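First the structure, in the form of structure tokens, and then the observations on it.
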Amino acid sequence: MVRLRSWTLRWALLGAGTLVLLYQARTHYSRGSFQSFSYRDPLGARQPGARAMTAQAPVTPLGSRAPSATLQPFLGDLYGRDETYPNSRCPSSIRKRIASTKFSSVFLEAIPVLQWARHARLAEYRRLRSYGGAHGWQEVGWPVVRDALTRLNTSANERMFDARPGAAAGVSPCVRCAVVGNGGILNGSRAGAAIDRHDYVFRVNGALTKGLERDVGRRTSFYVFSTNTMMNSLHNYASNGFRQPPQTLETKYIFLPDHDRDYLLLRAALTHRPVDRGPDEGARPERYFGNDLRAEKFKMFHPDFIRYVRNRFLRSGILDTPQWRLYRPSTGAVMLLAALHTCDEVSAYGFITPDYQAYSDHYFDLTHKALVFYANHDLQLEMSLWQELHQSRLLTLHMRG
Ligand SMILES: *[C@@H]1O[C@H](CO)[C@@H](O)[C@H](O)[C@H]1NC(C)=O
Ligand SMILES: *[C@@H]1O[C@H](CO)[C@@H](O)[C@H](O)[C@H]1NC(C)=O
């Protein structure tokens, strides 16, 4: 508990000290749109037939397009390839529409979204070791990466949607996702029934639903978290009733790995043992994920995806400062962009909107709390991105009049 508090406090202090950076970031964004890191090659100039799904094929051959010349090389704008998602049967899928929007220049069709057993290779480790935090494997030892990922060895670990409810009935070939953030805008929204009517419902961190079903719904298909954000949520929102992540039959858990803590907790879950070292030593996976700890219940975002989101969709001005290592897109932002890269249609609820000051920080707050901006994220930039994606009709952002 002491450790958690000091961790939170450290971020709070950093947040206060570098708030000014966020304003620089916002200015940077509204001026530059996406021109500063667009590609010369048109979308679609990709290697033909580069399907790499067999055991013998190269792990993730690097994308064929050269990295952006305007992005600092240490940001690593070169990614593996994963051909899991490009072939949607939905005529109006996001992927089919994105080419005619301003986002065509940043979108990579074969960006890996998830990592699993296929990626547990030394060559991949050597490549990703160059990038820190959530963006690579710099702070994670090879045995820990290997032991965690090799156990993600079922087909459910390779793709976001492995068993689609209703798909067999042939109702619609389009996968419709509701992505639910924790924003106070959901308080009093009565959006719960609409959220639950989607094929899949994504939730994040303090994903409280009990007693709030009318506004936020009851289903959770995917719970998205990093070990750090989940532990902080359990600590900070216990008094709001958040005692454990959602644990329903349909719920799958998606780790955003930003620390070796994530690989250690995943390994613990898949070996049905308590975490054996680090800040979470002794933690029992059942406490967080329930008793069904089959590999099928877990997924993990690929560091390439998080780096791609940072470099191309949420390229904060913080990256041009000495504090650049602190920054990563928020867990909710990675979740929403992952949905955008895997679903055919996306509705976003509870994400930051320009009138955020009219709402409490979270929909589950008991008394009004103002939203606090921390230096490790750039919520102003995220807010602008959601507006632009909404205006480009790539997602439907829930707003209130
Ligand atoms: C997956 O890994 C487990 C060990 O965690 C092993 O028992 C199982 O046979 C593997 N399954 C496949 C399909 O390789
Ligand atoms: C939630 O909304 C109700 C009105 O619908 C309001 O009375 C309450 O203060 C709100 N809660 C917070 C934490 O802002």
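What to note about this one:
- SER239 out of contact with any His (no Cβ under 7 Å at 6 or more places or on another chain), within 16 Å of ligand 2 (Cβ to nearest atom), assigned to a helix (DSSP H, G or I) and modelled with pLDDT of 95 or more: yes
- Output for region 345-380, where each listed residue is β-branched (Val, Ile, Thr) and at pLDDT 95 or above: VAL346, ILE352, THR353, THR367
- Pick from region 278-305, criterion within 19 Å of LEU234 (Cα to Cα) and touching a residue at least 24 places away in the same chain (Cβ under 8 Å), ranking: surrounded by the fewest Cβ atoms within 10 Å (Cβ to Cβ): ARG287
- Filter result for the condition that a residue is away from ligand 1 (no atom under 16 Å from the Cβ), aliphatic (A, V, I, L, M) and touching a Lys or Arg at 6+ places or on another chain (Cβ under 9 Å), over LEU326, LEU319, LEU336: LEU319
- Failed item, numbered, when ALA148 is tested on (1) more than 16 Å from ligand 1 (Cβ to nearest atom); (2) of a type outside the set (Ser, Thr, Tyr); (3) modelled with pLDDT of 95 or more; (4) not in a loop (DSSP other than H, G, I, E, B): (1)
- Taken as a whole, region 154-171 holds at least one residue that is more than 27 Å from ASN205 (Cα to Cα) and surrounded by 13 or more Cβ atoms within 10 Å (Cβ to Cβ).
- Qualifying residue in region 188-202 (condition: without any contact (Cβ under 8 Å) to a residue 60 or more places away in the chain, surrounded by 22 or more Cβ atoms within 10 Å (Cβ to Cβ) and either in contact with a Cys (Cβ under 8 Å, 6 or more places away or on another chain) or within 30 Å of ASP262 (Cα to Cα) (or both)): yes
- Selection count where residues are hydrophobic (A, V, I, L, M, F, W, C), closer than 20 Å to PRO173 by Cβ and assigned to a loop (DSSP other than H, G, I, E, B), scope region 75-106: 1
- The residues in region 107-142 that are assigned to a helix (DSSP H, G or I), over 23 Å from TRP324 (Cα atoms) and away from ligand 1 (no atom under 15 Å from the Cβ) can be counted, and the count is 4.
- Test: ARG312 is more than 16 Å from ligand 1 (Cβ to nearest atom), outside any loop (DSSP other than H, G, I, E, B) and surrounded by fewer than 21 Cβ atoms within 10 Å (Cβ to Cβ): no
- Beta carbons closer than 7 Å, at least 6 apart along the sequence or on distinct chains, pair a first residue in region 135-150 that is over 24 Å from PHE74 (Cα atoms) and of a type in the set (S, T, N, Q) with a second that is surrounded by 17 or more Cβ atoms within 10 Å (Cβ to Cβ) and modelled with pLDDT of 95 or more for THR150/ALA117; THR150/ALA120.
- Which listed residue is part of a helix (DSSP H, G or I), more than 15 Å from ligand 2 (Cβ to nearest atom), within 29 Å of GLY133 (Cα to Cα) and touching a strand residue (DSSP E or B) at 6+ places or on another chain (Cβ under 9 Å), from LEU385, LEU381, LEU389: LEU389
Here is a yes/no grid of residues against (1) closer than 30 Å to TRP116 by Cα; (2) out of contact with any Pro (no Cβ under 6 Å at 6 or more places or on another chain):
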| position | (1), (2) |
| --- | --- |
| ASN182 | yes, yes |
| ASP199 | yes, yes |
| PHE202 | yes, yes |
| THR209 | yes, yes |
| GLU213 | no, yes |
| THR220 | yes, no |
| MET230 | yes, yes |
| TYR237 | no, yes |
| THR251 | yes, yes |
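- Cβ-Cβ under 7 Å pairs, at least 6 apart or on other chains, region 350-370 side touching a residue at least 12 places away in the same chain (Cβ under 8 Å), far side within 8 Å of ligand 2 (Cβ to nearest atom) and in a helix (DSSP H, G or I): TYR359/GLY184; SER360/GLY184; ASP361/GLY184; HIS362/GLY184; TYR363/GLY184; ASP365/GLY184
- Selected residue (criterion: farthest from ASN157 (Cα to Cα)) from residues of region 266-286 that are in contact with a Pro (Cβ under 7 Å, 6 or more places away or on another chain) and within 16 Å of ligand 1 (Cβ to nearest atom): ALA268
- Qualifying residue in region 207-218 (condition: crowded, with 22+ Cβ neighbours inside 10 Å, away from ligand 1 (no atom under 16 Å from the Cβ), touching a residue at least 60 places away in the same chain (Cβ under 8 Å) and under 21 Å from LEU249 (Cβ atoms)): yes
- Taking the listed residues PHE202, PHE161, the one that is among the aromatic types (Phe, Trp, Tyr), in a loop (DSSP other than H, G, I, E, B) and under 19 Å from HIS341 (Cβ atoms) is PHE161, with no other qualifying.
The values are calculated or read from the model by the stated rules, or taken from the named source; none is laboratory data. Note that the structure is predicted; figures quoted are calculated from it, not measured. FYI the Cβ positions are ideal-geometry reconstructions off the backbone, even for glycines, and counts take in every protein chain you see.
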